[in-house]
Amino acid sequence: NNNNNVSDNSHWMETVFHPSEIAFGRTLKCSRTSFWLGRLAIRIALEFPDYPVLKDSFGRPILVPGIFGSISHKQNRGVAILSSSLPIADSGDDPINKPGMTFAGIGVDLEMTSRPGRPSIAKKVLTEAEREALGGLPGISPEEEVLLRFSLKEAIYKAAHPLLCQYVGFQEAEVTPLPDGTATCKWFLDTKADEKITKLTAHWIKLTDEEEEFFLTSASVYSNAD
């Protein structure tokens, strides 16, 4: 079983994971495999740092100051994304990339493109307007688009959480994936916490790996430097 495999292969694990990660990972049960996948992905992205990448009370990876990261996993695959909190330099009259904005969060999500034999999650994760808009993406079926929008929301929520610092329900945001691989987001938060976000970008792509298809989504948010 997986537990025995982890124990038997500890020699190679010690070359890629920090001792604190190994100790924590061995305490897990249901999510043990996904923990190893996610930590391996982010350690590769960080070029194997000498510090452990554990998680905070919100499940976010704990990194050194100034570095933002996000992890996702699905089945036997793990992905990670990183960025730094550099302010945007003055670029003239650009209305989008305003000087003084600072990177505030990043998110990534990996999702299967289908759920064979399982009921649709459309009513749970999409607003009525989102459900009515399904079917407008070339090469993406309405059923696939449900999961694409779900994945985009997950990536966006991860990216925005450092600013929002609150739970966001699936009915409190609407995402619109566009044919060019980008997406937009509209918020419906009673707290207006989304006003802290001065810029949000989101991207998506459909991937095929070993005859299985996935949606890989990502998001970045910016806030005012002050």
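Key figures for this structure:
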quantity	calculated
Selection count where residues are assigned to a loop (DSSP other than H, G, I, E, B), open to solvent by 30 Å² or more (accessible area, probe 1.4 Å) and closer than 21 Å to residue 15 by Cα, scope region 33-62	8
Residue that is farthest from the chain's Cα centre (by Cα), among those in region 104-130 that are loosely packed, with under 13 Cβ neighbours inside 10 Å and touching a residue at least 12 places away in the same chain (Cβ under 8 Å)	129
Failed item in (1) open to solvent by 40 Å² or more (accessible area, probe 1.4 Å); (2) under 23 Å from residue 68 (Cα atoms); (3) not β-branched (Val, Ile, Thr), with residue 171 passing the rest	(2)
Top-ranked residue in region 131-153 [being open to solvent by less than 30 Å² (accessible area, probe 1.4 Å) and not in a helix (DSSP H, G or I); ranked as farthest from residue 74 (Cα to Cα)]	137
Filter result (among the β-branched types (Val, Ile, Thr), modelled with pLDDT of 90 or more and within 13 Å of residue 49 (Cα to Cα)) within region 11-39	16
Per-region count, region 196-212, residues within 16 Å of residue 85 (Cβ to Cβ) and either open to solvent by less than 70 Å² (accessible area, probe 1.4 Å) or in contact with a Lys or Arg (Cβ under 8 Å, 6 or more places away or on another chain) (or both)	5
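The values are calculated or read from the model by the stated rules, or taken from the named source; none is laboratory data. Quantities reported herein were computed from a predicted structural model and do not represent experimental measurements. Don't worry about glycine lacking a Cβ; one is built from the backbone with ideal geometry, like all the others, and counts go over all protein chains shown. Heads up: the accessible areas ignore ligands, DNA and RNA and are worked out on the full protein's heavy atoms, side chains in. Shrake-Rupley method; radii C 1.70, N 1.55, O 1.52, S 1.80 Å.
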